[in-house]
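Step one of this worksheet: look at the structure below.
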Amino acid sequence: MSTPLTHRTIEAIWRIESPKLIARLTRLVRDVSLAEDLAQDALVIALEKWDQVGIPENPGAWLMTTAKHRAIDLLRRRKVQDQKYKVIASHTDLYTVEDINDVLDEEIDDDLLRLIFMTCHPVLSQDARVALTLRLVCGLTTEEIARPFLVAESTIAQRIVRAKRTLNKKEVPFKVPVGEELIKRLSAVLEVIYLLFNEGYSATSGDQWTRPFLCQEALRLGRVLAEMAPTEPEVHGLVSLMEIQFSRFRTRVTSKGEPILLMNQKRAQWDQLLIRRGLAALERSKKLGKPLGPYSLQASISACHALAPSEEETNWPRIAALYEALSRVMPSPIVELNRAVAISMAFGPDFGIQIVNELYSNPSLKSYYLLPSIRGDLLVKLGRYDEARSEFERAASLTKNERERILLRNRAMNCRKG
């Protein structure tokens, strides 16, 4: 049985390696559900072996080799497998061990991007596309996926199961589309990359506040898409947003991994190269002459922060106006919550807390920890410390991230001091 430390290490490795593993296996077996099963088999073997012999120097290669052997065994037994495996075998010419080795030993290239486009096929609903892609490409749990959607975990689980069945039934190809087909699927793909970046920027659960690998992968995929669809403004808008947000990454945590809020970050340490790249991408989006979409608007908000020497010098009225525009093109209680923060910074906490109080009646935010966290912050500014303490304590009870929980509990304790 794995020790807790080994288990946590394997879990961290799995989160990094599983998307590449599933993408490679999908290219081989042409069945995303089967690919995930094979990858999970490799994980089970790792849990058994690594606790005994230690974690290998290259765990990703170890998992890939193990999954490859499972795929070989599967194809060798295809004649005696159930009908599902027979169908998979009949759709591939990779019948020999040598052929399988050739496929699995190639460079990954953009298998992850192919997997995203496959799982974002229009045979699936928009919600199903995003949920399935976050599960397979980002390695997120159903609980982590449910949070940004503000829906029940069981709903997400059902979407994923049905989506995999549909892809297999419709025999959706494992490839990046071109032309009009690419544009049709772009919206869902952008949403997946956006959510992937957000999970890396602020992890839903676990012991770490950030997951930099997810941000880096999302940014890489976004840049690839910008080359593939150069006339689509929202692609450049998303890239701009990620470039500017990622510029702050190294200032968001202490050397011990403790969160640093925006107001306390050392802006001089923000990555100026990423900021310049982000501003250039935003300018490309604007030059295409179309109304700003949700990603370009969010990038414009991030640009306001990036260009301000300090929080006090930030153009908060402009940010509030941009959130107003964002609420029109992408209405959401979370957008409204962010607008409340911007309004409070621009015009005072009395105005912001009115919006926040109205949001308390929204059932979709019932378990959203940032609602009481933001209300607590506004109450502190109004000098209502006892109420603020209760809000921070409630927020701490709702978050699944340990670093966030500690931060919120500390803020609650500070309220006792007034």
- prompt: Among 354, 242, 275, whose Cα sits farthest toward the positive end of the charge dipole of the chain (+1 at Cβ of Lys/Arg, -1 at Cβ of Asp/Glu, about the Cα centre)?
  reply: 354
message: Whole-Hz ³J(HN,Hα) for each residue in the range 129-139, computed from phi via Karplus 6.51 cos²θ - 1.76 cosθ + 1.60 with θ = phi - 60°, x for glycine and proline: what do you get?
response: 4, 5, 4, 5, 5, 5, 5, 8, 7, 9, x
message: Nearest 500 deg cm²/dmol is fine: what mean residue ellipticity at 222 nm does the chain get from its DSSP H runs of n ≥ 4 alone, each adding -39,500 (n - 2.57), divided by its residue count?
response: -23000 deg cm²/dmol
Per-residue ³J(HN,Hα) for the range 247-258, Karplus 6.51 cos²θ - 1.76 cosθ + 1.60, θ = phi - 60°, Hz, x for Gly and Pro: 4, 8, 4, 6, 9, 8, 9, 7, 4, 9, x, 7
field: Packing rank of 46-56, 233-243, 335-345, 253-263, where each peptide gets the mean count of other beta carbons within 10 Å, highest leading
entry: 233-243, 335-345, 46-56, 253-263
statement: In terms of the alpha carbon gyration tensor, root eigenvalues a ≥ b ≥ c, rounded if a/c is under 1.5 and otherwise prolate when a/b exceeds b/c or oblate, the chain is prolate
statement: Over 23 Å (Cα to Cα) among 20/175; 20/164; 49/400; 68/184 -> 49/400; 68/184
task: Considering Cα pairs under 8 angstrom that are at least six residues apart, work out the relative contact order of the range 110-229 and quote it in whole percent.
output: 27 percent
field: Mean Cα-pair separation over length for the range 291-412, i.e. relative contact order, pairs under 8 Å, 6 or more apart, %
entry: 16 percent
- prompt: Taking neighbour Cβ counts within 10 Å as the exposure measure, how do 314, 251 sort from fewest upward?
  reply: 251, 314
In Hz, Karplus ³J(HN,Hα) per residue of the range 334-343 (6.51, -1.76, 1.60; θ = phi - 60°; x = Gly, Pro): 6, 4, 5, 5, 5, 5, 4, 5, 4, 5
- request: Indicate the gyration tensor shape class of the range 110-229 (rounded, prolate or oblate), computed on the Cα atoms with a ≥ b ≥ c the square roots of the eigenvalues: a/c under 1.5 is rounded; otherwise a/b larger than b/c is prolate and the rest oblate.
  value: oblate
Cα gyration tensor category, rounded, prolate or oblate, for the range 353-418 with a/c compared to 1.5: oblate
message: Eigenvalues of the Cα gyration tensor times 5, then square-rooted: what semi-axes does that give for the range 183-233, in whole angstrom, largest first?
response: 25, 11, 6
- prompt: Among residues other than residue 178 whose Cβ falls under 15 Å from its Cβ, what is the net charge (Lys/Arg +1, Asp/Glu -1)?
  reply: -1
query: Rg to Rh for the range 283-402: what is it, with Cα atoms only and Rh by Kirkwood?
result: 1.01
query: Semi-axes, largest first, in whole Å: what does sqrt of 5 times each Cα gyration tensor eigenvalue give for the range 346-388?
result: 18, 12, 8
- prompt: Across every pair of different alpha-carbon atoms, what Kirkwood hydrodynamic radius in Å does the range 217-299 reach?
  reply: 13.3 Å
Relative contact order [Cα under 8 Å, 6+ residues apart], the chain, whole percent: 11 percent
message: Let's see if you can work this out: charge +1 on each Lys and Arg Cβ, -1 on each Asp and Glu Cβ, no other charges. What is the dipole magnitude of the chain about its Cα centre, in debye to the nearest 20?
response: 560 debye
task: May I ask for the distance between the Cα centers of the range 170-192 and the range 254-292, given as a whole number of Å?
output: 28 Å
- line: Computed over the range 172-276, the distribution of all Cα-Cα distances in 10 Å bins, rounded to whole %, is 14, 41, 29, 13, 4
Ranked 347, 246, criterion: other C-beta atoms within 10 Å, fewest first: 347, 246
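Read the figures in this text as sums done on the coordinates, not as results from a lab. Predicted model, so just to flag it, every value in this text is computed and none were measured. Here Cβ is always computed from backbone atoms with ideal geometry, including for glycine, and neighbour counts include all displayed protein chains.
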